[in-house]
Amino acid sequence: MSDTTAPASPRPTPPPAPRLSPAEVEATARAAHAGQTDKAGRPYAEHLRAVAEGVRRRGGDDEQIAAAWLHDAVEDDALSEDWLREAALSRRTKDIVDALTKRTGEPPEAYAARILATPGARLVKEADLAHNADPARLAVLDAATRTRLTEKYARMRALLGLDDQPGPDGQCPDGQCPAGRDDPAVSG
């Protein structure tokens, strides 16, 4: 008598878990930052909305827009690293949020290098810097803070290779954007 048992058939792969919808990501970010204000005293959710809109205007996709809503959540302790790891988000969105999360004591060069090494993160950081450097937002700050932040944002733009990119108004500084780079939707 011979053993003719058929090999076990592989189990079907379960369908991927449903991901958070764009509206759910926005609601999560708004709830996580509820009661938080920016340096100018405005509700922090206004900054998140502006960054998400900036990503959309620059041609970003849904994963980048989700990351824009969540870009400061772990850094600000609004959501935990465990939450991000377990969240119903794409791997790419999680990677972008992680890349945009500054580490304590981290040099700006290391932070910029991580952003540049993470597909999709540079565009989100570009939109974040554009909103942070908005002259209307900076104008309400004291002169010393305004100067410090302007220099900080300019340095990060340079480290990310964005110093030849359009500013928050979509215009190139002194008309100096190279050919093909004068469209705010163009990014790397």
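Summary table
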item: Accessible-area value, HIS131, 1.4 Å probe, nucleic acids and ligands omitted, Å²; result: 40
item: Computed E for ALA154/ASP61 - FRET, C-beta separation, R0 41 angstrom, nearest 0.05; result: 0.90
item: Within the range 23-67: Cβ-based charge dipole about Cα centre, in debye rounded to nearest 20 (Lys, Arg +1; Asp, Glu -1); result: 280
item: Carbon plus sulfur fraction of accessible area for the range 14-100, probe 1.4 Å, in percent; result: 49
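The values are calculated or read from the model by the stated rules, or taken from the named source; none is laboratory data. Being a predicted model, the structure only gives us computed values, none of them experimental. Cβ: placed from backbone, ideal geometry, glycine included. Neighbour counts: every protein chain shown. Heads up: the accessible areas ignore ligands, DNA and RNA and are worked out on the full protein's heavy atoms, side chains in. Shrake-Rupley method; radii C 1.70, N 1.55, O 1.52, S 1.80 Å.
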